[in-house]
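To keep things clear, I will list the structure first and then write my remarks on it.
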Amino acid sequence: MPVKYQRLRNEMVTKQIIARGISDPRVISAMRTVPRHLFVSEAMMDQAYGDFPLPIGEQQTISQPYIVAEMTQALQLNPDDRVLEIGTGSGYQAAVLAQIAYRVYTVERIHSLYTRTRKLFDQLRYHNIVTRYSDGTTGWKEHSPYDAIIVTAGAPEIPAVLVNQLAMGGRLVIPVGDRHTQDLIKLVRDEQGVHQSNLGGCRFVKLIGEHGWRER
Ligand code: SAH
């Protein structure tokens, strides 16, 4: 792998991730490892380590590096955790999760993104990522319960069905708000019920589906 990208990646981790307070060593190590430039088109590789989201086609985006780190840290992942991701997109967030967790199940509703990213996971040998083409707002019951669930598109509200697919002690991170801006909400499920906290403002593409927004 070109030394240039290695250097850009380390710089990204130092200036965008550690300098802004991300401290989980597993998250930092994963962000140092996953080759983000391979998750964007060739024309955009040189911008892949910039402090911003980038288009990935189909009017969707790969999230800004910091937001990927923030959401991953909020999931408090352990090496034996099983994680569900809604919104595979470029596959970058799933790859970061797969670097830390035991297995990642990821769902994408746009077929072209699903097939392209599935191929990329095979090429890069992410053998612990399981992909599915469907509406992820209903979760993926078959492999539940999950230790962590991450939704990488903005939802009008928290789908109850996702909370129900969390294990005891499980964590859910989801952007909730209107079509333009959202709050990043973290929810923890335990015997007493669910505990919610607000991690701050964010901006995601729409979560479209049965328990999300209607198309257009
Ligand atoms: N995690 C991705 C972010 C991609 S943007 C990455 O790292 O690149 C959000 C993605 O969520 C888009 O690809 C969009 O098509 C997808 N999405 C939106 N609604 C969805 C739904 N109901 N089920 C599955 N995927 C959905």
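The values are calculated or read from the model by the stated rules, or taken from the named source; none is laboratory data. Keep in mind that what you see is a predicted model, and the values were worked out from it rather than measured. Because the Cβ atoms are built from the backbone with ideal geometry, glycine has one as well, and the counts that use them run over all protein chains shown. Each accessible area value is taken on the protein alone, full model and side chains, heavy atoms only, with ligands, DNA and RNA left out. Shrake-Rupley method; radii C 1.70, N 1.55, O 1.52, S 1.80 Å.
Of the residues Pro65, Pro2, which is modelled with pLDDT under 95 and not charged (D, E, K, R)?
The match here is Pro2.
Note down all Cβ pairs under 7 Å where the first residue falls in the stretch 152-173 and is over 24 Å from Ala95 (Cα atoms), the second is exposed (fewer than 15 other Cβ atoms within 10 Å of the Cβ), and they're at least six residues apart or on different chains.
Met168/Asp190; Met168/Glu191
Regarding Glu210, is this residue part of a loop (DSSP other than H, G, I, E, B) and within 12 Å of the ligand (Cβ to nearest atom)?
So Glu210 fits the description; yes.
When you go through Arg7, Arg82 one by one, which is the residue that is open to solvent by 10 Å² or more (accessible area, probe 1.4 Å) and within 16 Å of the chain's Cα centre (by Cα)?
Arg82
Pick from the stretch 42-79 the residues that are open to solvent by less than 40 Å² (accessible area, probe 1.4 Å) and touching a Ser or Thr at 6+ places or on another chain (Cβ under 8 Å): which of them is nearest to the ligand (Cβ to nearest atom)?
Per the stated criteria, the residue is Ile62.
When Arg179 is evaluated against the numbered criteria (1) part of a loop (DSSP other than H, G, I, E, B); (2) within 26 Å of Arg26 (Cα to Cα); (3) out of contact with any Ser or Thr (no Cβ under 9 Å at 6 or more places or on another chain); (4) within 13 Å of the ligand (Cβ to nearest atom), which criterion, by number, is the only one it fails?
Tallying (1) part of a loop (DSSP other than H, G, I, E, B); (2) within 26 Å of Arg26 (Cα to Cα); (3) out of contact with any Ser or Thr (no Cβ under 9 Å at 6 or more places or on another chain); (4) within 13 Å of the ligand (Cβ to nearest atom), Arg179 fails exactly one: (2).
Could you list, in sequence order, all residues of the stretch 91-110 that are within 10 Å of the ligand (Cβ to nearest atom) and open to solvent by 10 Å² or more (accessible area, probe 1.4 Å)?
Passing the criteria: Gln93, Glu108, Arg109, Ile110.
Return yes or no: is Leu166 among the aliphatic types (A, V, I, L, M), open to solvent by less than 10 Å² (accessible area, probe 1.4 Å) and within 16 Å of the chain's Cα centre (by Cα)?
No.
Give me the residue from the stretch 133-148 that is crowded, with 16+ Cβ neighbours inside 10 Å and in contact with a Phe, Trp or Tyr (Cβ under 8 Å, 6 or more places away or on another chain) and, out of that set, farthest from Arg189 (Cα to Cα).
Trp140
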